[in-house]
Each structure stands twice: as structure tokens, then as C-alpha cells.
Amino acid sequence: MTGAAEGIGLSITKHLLEQGARVVINDINADALNEVVGVLDNKYPGNVGFTAGDASKLEVIDELIATAMHSFGTVDFAVANAGITLFGNFYEFSPENFDRVMHVNLKGAFFLTQRIAKALRKENKGGSVILMSSNVGILSYPNLTAYSMTKAALSMMARSLVLELAPYNITINAIAPGATVTKRTRTQEPDYEQAWASIIPRGKTAVPEDIAKSCLFLLSKDAEHINGETLVIDGGWSVIGQYPKN
Ligand SMILES: NC(=O)c1ccc[n+]([C@@H]2O[C@H](COP(=O)([O-])OP(=O)(O)OC[C@H]3O[C@@H](n4cnc5c(N)ncnc54)[C@H](O)[C@@H]3O)[C@@H](O)[C@H]2O)c1
């Protein structure tokens, strides 16, 4: 589980632990990760492992899986959640920012999937992978082209990898959240919640729990026939696709 010290990743982790899963969590922010691990380990002793570091780096991905094998002796699923949202005017967008968003959002997810699939294949018992896409991977959004491209690619990754993973009884699906209130989105835009609520048909922004509950469903046995799909969770925003006024 990558990018799990806060926001959607943390909420998915809590829901998984609540259901009795054992989870290895990762975050690039080591301090925040340590704090979260302390709290979770208190509540679910022995069920939480961790690997700090940049989830786009192969050594971090390998360590994450090694930690799961070492701590729990097995793996069942992976959630490639870590992602960065870099806004920027297309004409000014720097190659450095382009590389960064591609690395974290795509390379990290691709190689986490490759490494977990190898581990699952070795155990020969099947499993699941969830990729964290976005509804702006489906609709265009101003100043967000590089990010949107990565999120569209994640949906295609899920579709394409069905062919590689299904023979080993591994499913792969993507989740495409819409505007979801987290510390980051609130900090980036103080009136985020109201601005989005006014243009989402449901009249509300999502909270991380909305995404976490769907993720748990896709990881569950009830979803074993769902494969290569992208589940949009946006309160209906993408059927209209208006932008907030600012
Ligand atoms: N919040 C939203 O509105 C929204 C909407 C659509 C999609 N998403 C996607 O959902 C995922 C989670 O979003 P969020 O808003 O909860 O995220 P967030 O920005 O709140 O970050 C979650 C965590 O990821 C960590 N992180 C960042 N880069 C990392 C890296 N390279 N390696 C490891 N950890 C890293 C951060 O330190 C943070 O703790 C992302 O992939 C994001 O693109 C979010």
C-alpha cells in the first residue's frame, strides 16, 4: 500500500486493518509514516509493517514486498495509491515536473504491479491489484495535462494487464476518484469542499472513506469477476464535468 501516511491511502489502510488484513504501508514522508504506524500498530498489534521511501523507486518497491513476505510470510494484493498532482500551465511546464509526475504516478504503479504479480505468481494462489487513477483521466481539466495523462494510462494499464495477470488468477482494476477532501486538497484550495460540492450532482465532495470502501469491495471475493475496469467515484461529477469557478 503506497502513499499511506494520509488521505485516501491512510483511509484504505484503516479499512483493511479493520477487516482483519495485515498491511505493509509506505510513504515518502518518513516522519508522518512513523507516526501513523505507531498509532495503527497500537490498535492492530502485529498487523502493520512499513517501508518509508519514494514509491517510484524500484528498491523501495522491492523492500515493500520483502517486508510483507518477511513479516507475514505471504502477499495477497497491492494498492498503488501514491500519486502527485502537479498543476502547471502547459506552455511553462518543465521537463523536471513532467518526469516527476510520470515517475511517481506511472513508473511506481507499473513496477509495484510487476513485482507483486511475480510474488503472487510464485505463491500460485491468485490476488488483486488496485491502481489509483482519477476522474481527470477521463475528462480534461485545465493545467493538469501531465497528471491527467498518467491517470488515463493507469486505466489502460489495468485493461492491458488483464491479459498478463488473469492466467494466474490475479485481477487488476483502477479506481478513479473525483474531488476528495484530504489535508492536501484543503491546503491547496481553502474553499475546495464548497467549490466542488456546488458542481457535483450529489452536492458533496467525496471523503477518503468513500474511496476506501470501494477499494475494499474490489479487493474482496465478491469482486472476483471484475477485471480491467475503472470504477469512477465522483458523486456524478463526470456526467456533467463542470469546473469550479476559480
Ligand atoms: N484527493 C483527491 O481529490 C484525488 C482525486 C483523484 C485521484 N486522487 C489520487 O488518489 C491518490 C491519493 O490521493 P490523496 O489526495 O489521498 O493524496 P495526498 O496528496 O493526500 O498524499 C497521500 C500520501 O502520499 C504520499 N506520497 C507522495 N508522493 C509519494 C511517493 N513518491 N512515494 C510514496 N508516498 C508518496 C504523501 O506523502 C502523502 O502522505 C493519488 O494517486 C491521487 O492522484 C486523489
Restricting attention to segment 94-119, and to residues there that are surrounded by 20 or more Cβ atoms within 10 Å (Cβ to Cβ) and closer than 16 Å to Gly49 by Cβ, which single residue is farthest from the ligand (Cβ to nearest atom)?
Ile116
Step by step: first the residues of segment 125-137, then only those that are modelled with pLDDT of 95 or more and more than 14 Å from the chain's Cα centre (by Cα), then the one that is nearest to the ligand (Cβ to nearest atom). Which residue is that?
Val136
Can you pull out every residue in segment 91-102 that is more than 21 Å from Thr185 (Cα to Cα) and assigned to a helix (DSSP H, G or I)?
Tyr91, Glu92, Pro95, Glu96, Asp99
What is the number of the single condition among (1) surrounded by 15 or more Cβ atoms within 10 Å (Cβ to Cβ); (2) touching a residue at least 24 places away in the same chain (Cβ under 8 Å); (3) assigned to a helix (DSSP H, G or I); (4) of a type outside the set (D, E, K, R) that Ala166 does not meet?
(1)
Could you say whether any residue in segment 76-93 is farther than 30 Å from Ser140 by Cα, surrounded by fewer than 19 Cβ atoms within 10 Å (Cβ to Cβ) and over 19 Å from the mean Cα position of the chain (by Cα)?
no
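How many of the residues in segment 127-145 are at positive phi and out of contact with any strand residue (DSSP E or B) (no Cβ under 6 Å at 6 or more places or on another chain)?
The number of residues fulfilling the criteria is 1.
Anything in segment 111-154 that is out of contact with any Lys or Arg (no Cβ under 7 Å at 6 or more places or on another chain), over 24 Å from Ala66 (Cβ atoms) and part of a helix (DSSP H, G or I)? List them, or say none. I'd like the intermediate steps shown before the answer.
Residues of segment 111-154 that are out of contact with any Lys or Arg (no Cβ under 7 Å at 6 or more places or on another chain), as a first pass: 111-132, 135, 138-154.
Okay, now just the ones that are also over 24 Å from Ala66 (Cβ atoms), so 135, 138-154.
Result: Asn135, Thr145, Ala146, Tyr147, Ser148, Met149, Thr150, Lys151, Ala152, Ala153, Leu154.
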Given (1) farther than 26 Å from Pro244 by Cβ; (2) touching a Gly at 6+ places or on another chain (Cβ under 9 Å), index of the condition Glu96 fails
(2)
Quick check, is Ile130 of a type in the set (Val, Ile, Thr), in contact (Cβ under 8 Å) with a residue 24 or more places away in the chain and closer than 18 Å to Thr180 by Cβ?
yes
When Pro95 is run through (1) in contact (Cβ under 8 Å) with a residue 24 or more places away in the chain; (2) farther than 21 Å from His225 by Cβ, the failure sits at (1)
Answer yes or no: is there a residue in segment 72-93 that is away from the ligand (no atom under 12 Å from the Cβ) and within 19 Å of Ile233 (Cβ to Cβ).
yes
When you check Asn29 against the structure, is it at pLDDT 95 or above, buried (at least 22 other Cβ atoms within 10 Å of the Cβ), within 17 Å of Asn105 (Cα to Cα) and near the ligand (Cβ under 9 Å from one of its atoms), yes or no?
no
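The values are calculated or read from the model by the stated rules, or taken from the named source; none is laboratory data. Just so it is clear, the structure is predicted and the values come from calculations on it, not from any experiment. Virtual Cβ from ideal backbone geometry, glycine too; neighbours counted across all protein chains shown.
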